[in-house]
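Below is one structure, written out as structure tokens; comments come after it.
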Amino acid sequence: MFKKLLSIFMVVALFTSVLAACGNTEDKAADSEKKGSGKARVIRAGIGLNDKHPQYLALLKFKEIVEKETNGSITVETYHSSQLGDDRAMMEALQLGTQQMTIPSTAPIANFVPEFSVYDIPFLFPSEEVADKVLLESDVAKELLEKLPAQGMVGLAYWENGFRDLTNDKVAVATAADFKNLKIRTMENQLHLAAFRELGANPTPMAFAEVFTAMQQGTIDGQENPVATIYLQKFNEVQKYLSTTHHVYSPFVVLLSKMFWDDSSKEEQDILVKAAQEAGDYERQLNREANTKYLEDLKATGMTVTEVTPEARAEMKTITDKAVEPFVDKIGKDTVEKVKKAVEDASK
Ligand code: KDG
């Protein structure tokens, strides 16, 4: 009798443990279902800069974190050098859901959310430290990101393109007067164009991928970008002169398609934001090291580097301030005032 009871007990215990195991499997499946509908979803991430730039290295860091933290329920495919198109095309693809991520400068974003042009105000940020405090800590910087979902995009984090410097093939630019008649490519942004016109240059908007060839063929005299971009995109091969104008500090924004965001669980959304922020800290560190190192390397390649004096920069600011006034209403007076106050507070 005892043996019979023992065997019944063992069968019941075995059955219970099998049920529990199934239950766990079902929990896992449900969890994965909750996370990302069971099958791995793919983020196709495209940028304009090449695979040597800190922006791409940080995108690889983002990929590593997301794939690890989501246990592969989200995977990231990375495309550099405008393989998926220029900034405008890639942002439109995010709106359509045919691409899931891109990381443009804020300047082209202003064509979708005009308020982002506040970051195009020349000489707005006096240093990287102040830029970090405003972009990473101020309410107004967050408020600007919150305007993106209405355009079908979610801003996960600010990264750094950096202080933009002028290159050209005609003259060593040391003061505002030296800009006269220079054919300068700018990003596709009305405030950038207006600022260079005010300085006496002859600016033309152009997608980033076309810039090298345009300089090589002489259809433009120059362009303006941070040193890391100038070096890593080999602009020094077709440009004689670099001037450390530092005329605009360009943030990047990590943009995610809102369609992908809405299909993600809360847990995945938190992972995506945290990964973008962590990769952003890494990108700023790499970018600053690169901007310092590559300035020396550009000198070593024979580029004539003109260190623009604070006095010359102040004169350039006085001139470009006149270009800003007509844009204040378009950006929003409130946004301009809030950002300027944040810069002032961060500079104390
Ligand atoms: O996709 C590259 C652009 O967003 C930007 O990073 C490069 O600053 C740039 C420019 O001049 O277009």
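The values are calculated or read from the model by the stated rules, or taken from the named source; none is laboratory data. Only a predicted model underlies this, so the values are computations on that prediction, with no experimental measurement involved. No Cβ is skipped: glycine too gets one built from the backbone with ideal geometry, and neighbour counts run over all protein chains shown.
Report the residue count in the stretch 36-61 for those that are within 16 Å of the ligand (Cβ to nearest atom) and within 19 Å of LEU156 (Cβ to Cβ).
Here the count works out to 13.
Do we find that THR309 is exposed (fewer than 15 other Cβ atoms within 10 Å of the Cβ) and of a type in the set (Ser, Thr, Tyr) in this structure?
yes
Would you check if SER82 is among the small types (Gly, Ala, Ser), crowded, with 17+ Cβ neighbours inside 10 Å and more than 16 Å from the ligand (Cβ to nearest atom)?
Against the criterion (among the small types (Gly, Ala, Ser), crowded, with 17+ Cβ neighbours inside 10 Å and more than 16 Å from the ligand (Cβ to nearest atom)), SER82 does not qualify.
Which numbered condition trips up VAL76, out of (1) within 15 Å of ALA342 (Cα to Cα); (2) more than 15 Å from the chain's Cα centre (by Cα)?
For VAL76, the exception is condition (1).
Of all residues in the stretch 310-340, which are among the polar types (S, T, N, Q) and either free of Cβ contacts under 8 Å to residues at least 24 places away in the same chain or within 20 Å of ASP132 (Cβ to Cβ) (or both)?
THR318, THR335
So is GLN239 outside any helix (DSSP H, G or I) and either more than 16 Å from the ligand (Cβ to nearest atom) or at pLDDT 95 or above (or both) or not?
Criteria met by GLN239.
Output the residues belonging to the stretch 85-105 that are buried (at least 21 other Cβ atoms within 10 Å of the Cβ), under 17 Å from LEU49 (Cα atoms) and either more than 16 Å from the ligand (Cβ to nearest atom) or among the hydrophobic types (A, V, I, L, M, F, W, C) (or both).
Correct list: MET90, MET91, MET101, ILE103.
Tell me, which residue of the stretch 187-236 that is part of a strand (DSSP E or B) and buried (at least 17 other Cβ atoms within 10 Å of the Cβ) is farthest from the ligand (Cβ to nearest atom)?
The extreme case among them is GLY222.
Among what's in the stretch 237-255 and is farther than 19 Å from ARG313 by Cα and of a type in the set (A, V, I, L, M), pick the residue that is surrounded by the fewest Cβ atoms within 10 Å (Cβ to Cβ).
Once the filter is applied, the top-ranked residue is VAL238.
Going by the conditions given, is SER105 in contact (Cβ under 8 Å) with a residue 24 or more places away in the chain, of a type outside the set (Phe, Trp, Tyr) and out of contact with any strand residue (DSSP E or B) (no Cβ under 6 Å at 6 or more places or on another chain)? Explain how you work it out, then say what you get.
Details: in contact (Cβ under 8 Å) with a residue 24 or more places away in the chain: yes; of a type outside the set (Phe, Trp, Tyr): yes; out of contact with any strand residue (DSSP E or B) (no Cβ under 6 Å at 6 or more places or on another chain): no.
No: the conditions fail for SER105.
Checking VAL130 against (1) under 23 Å from GLU315 (Cβ atoms); (2) surrounded by fewer than 23 Cβ atoms within 10 Å (Cβ to Cβ); (3) within 16 Å of the ligand (Cβ to nearest atom): exactly one of these is not met. Which one?
Condition not satisfied by VAL130: (3).
Could you grab the pairs with beta carbons closer than 6 Å, sequence gap of 6+ or different chains, first residue in the stretch 57-78 and on the phi > 0 side of the Ramachandran plot, second one surrounded by fewer than 16 Cβ atoms within 10 Å (Cβ to Cβ) and not in a helix (DSSP H, G or I)?
GLY72/ALA40
What about LYS258, is it at positive phi, more than 11 Å from the ligand (Cβ to nearest atom) and either of a type outside the set (Asp, Glu) or crowded, with 16+ Cβ neighbours inside 10 Å (or both)?
no
Within the stretch 137-156, is there a residue that is in contact with a helix residue (DSSP H, G or I) (Cβ under 7 Å, 6 or more places away or on another chain), in contact (Cβ under 8 Å) with a residue 24 or more places away in the chain and under 24 Å from THR244 (Cβ atoms)?
No: the stretch 137-156 contains no residue that is in contact with a helix residue (DSSP H, G or I) (Cβ under 7 Å, 6 or more places away or on another chain), in contact (Cβ under 8 Å) with a residue 24 or more places away in the chain and under 24 Å from THR244 (Cβ atoms).
Which one of the conditions (1) aliphatic (A, V, I, L, M); (2) within 30 Å of THR213 (Cβ to Cβ); (3) surrounded by fewer than 17 Cβ atoms within 10 Å (Cβ to Cβ) does LEU286 fail to meet, given that it meets all the rest?
The one condition LEU286 does not meet is (3).
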